[in-house]
1. Go through (1) open to solvent by 20 Å² or more (accessible area, probe 1.4 Å); (2) hydrophobic (A, V, I, L, M, F, W, C); (3) within 26 Å of Leu142 (Cα to Cα) one by one and return the number of the condition Leu9 breaks.
2. Is it the case, given these coordinates, that Ser151 is among the hydroxyl-bearing types (Ser, Thr, Tyr), without any contact (Cβ under 8 Å) to a residue 24 or more places away in the chain and under 20 Å from Trp123 (Cβ atoms)?
3. I need a count of the residues in region 14-45 that are under 21 Å from the mean Cα position of the chain (by Cα) and within 23 Å of Asp146 (Cα to Cα).
4. Looking at region 149-156, can you tell me whether even one residue there is assigned to a helix (DSSP H, G or I), open to solvent by 40 Å² or more (accessible area, probe 1.4 Å) and at pLDDT 85 or above?
5. Would a scan of region 177-198 turn up a residue that is part of a loop (DSSP other than H, G, I, E, B), at pLDDT 70 or above and under 30 Å from Val129 (Cβ atoms)?
6. Show the residue pairs that are 6+ apart or on different chains and have beta-carbon atoms under 9 Å apart, the first residue being within region 79-90 and farther than 12 Å from Ala53 by Cβ, the second being modelled with pLDDT under 80 and in a helix (DSSP H, G or I).
7. Looking at Val79, Val68, Val15, which one is part of a helix (DSSP H, G or I), at negative phi and open to solvent by 20 Å² or more (accessible area, probe 1.4 Å)?
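The values are calculated or read from the model by the stated rules, or taken from the named source; none is laboratory data. Only a predicted model underlies this, so the values are computations on that prediction, with no experimental measurement involved. FYI the Cβ positions are ideal-geometry reconstructions off the backbone, even for glycines, and counts take in every protein chain you see. What goes into the accessible areas is simple: the full protein's heavy atoms, side chains included, and nothing from ligands, DNA or RNA. Shrake-Rupley method; radii C 1.70, N 1.55, O 1.52, S 1.80 Å.
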Amino acid sequence: MTEERWQRLTYWPLVVASLAFIVAYSWQVIWNLQGPDYAVMRIVMAVTWVMFAIDYLVRLALAPKKGVWFRGHLFDLAVVVLPVLKPLRLVRAITQIQKMSKGDQLRTQAAVLAGGTVAILIWICSLAVLDVERPAPGANILNFGDAIWWSFVTVTTVGYGDLYPITAWGRIVAVVLMSVGIGVVGVVTATTASWFVERAATVSGNDDGETATRGQVRALSRQIESVVKALPTDVEHALPHHHKADPPEASS
């Protein structure tokens, strides 16, 4: 067993576990479950947590350099420590499923990644802020509609101030949303600017300023290599108007 094979075997089961977590958490918070229903949802969420914890520990054990692997997989550790981050694995699934042309693949994946991350974070953070704010005395976020509105206002960095968290955990959720909002604005701006530049170059017929992709460079290299191999062995005799130089006269 290697880490790569383990990841291939567990990828989709963990995606399903992420979906199960978000459904169970949504059901628990929106309907404010109590009693046996609440216990069932907590069991489902606990099972998903165990699955992610086992996955993390197995991958760490299979890694040849555990220190390097640990530093490179801090997000996976955060998913284990903070269960609300589990649904973000759904974004990876979306980028794996979508198939686009090679020219638009990178830009489209960036757009899908940004949009998917924001959509899932808005949903999860709305649930989280409602879960911690609703029972607090003096709270003003008391239902899911208020929570969704607050999340949209926060992630877009508008900040009307009509609704706001009063608990420590609620403010932590707000910080996460505001940080993501700033990042998404940058991604959307860069993606839109790239699209306009490409379209402008296509309309004007001038593609000198476009950047070649690695695939294009590799294809050009293969073409040059095939042309070089097709050249005669003695290239000099193949050149037109070629005259062999006279040997130098021997000095007396």
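1. Answer for Leu9: the failing condition is (3).
2. Values: among the hydroxyl-bearing types (Ser, Thr, Tyr): yes; without any contact (Cβ under 8 Å) to a residue 24 or more places away in the chain: no; under 20 Å from Trp123 (Cβ atoms): yes.
Criteria not met by Ser151.
3. Total satisfying the criteria: 2.
4. First, the residues of region 149-156 that are assigned to a helix (DSSP H, G or I): 149-155.
Among the residues that remain, those that are also open to solvent by 40 Å² or more (accessible area, probe 1.4 Å) are: 149, 152.
If we keep only those that are at pLDDT 85 or above too, we end up with 149, 152.
Yes: region 149-156 contains one or more residues that are assigned to a helix (DSSP H, G or I), open to solvent by 40 Å² or more (accessible area, probe 1.4 Å) and at pLDDT 85 or above.
5. We begin by selecting, within region 177-198, every residue part of a loop (DSSP other than H, G, I, E, B); these are none.
Within region 177-198, not a single residue is part of a loop (DSSP other than H, G, I, E, B), at pLDDT 70 or above and under 30 Å from Val129 (Cβ atoms).
6. Short answer, once both residue conditions are applied: Leu88/Gly116; Leu88/Thr117; Leu90/Gly116.
7. Values: Val79 fails: open to solvent by 20 Å² or more (accessible area, probe 1.4 Å); Val15 fails: open to solvent by 20 Å² or more (accessible area, probe 1.4 Å).
After ruling out the rest, the residue left standing is Val68.
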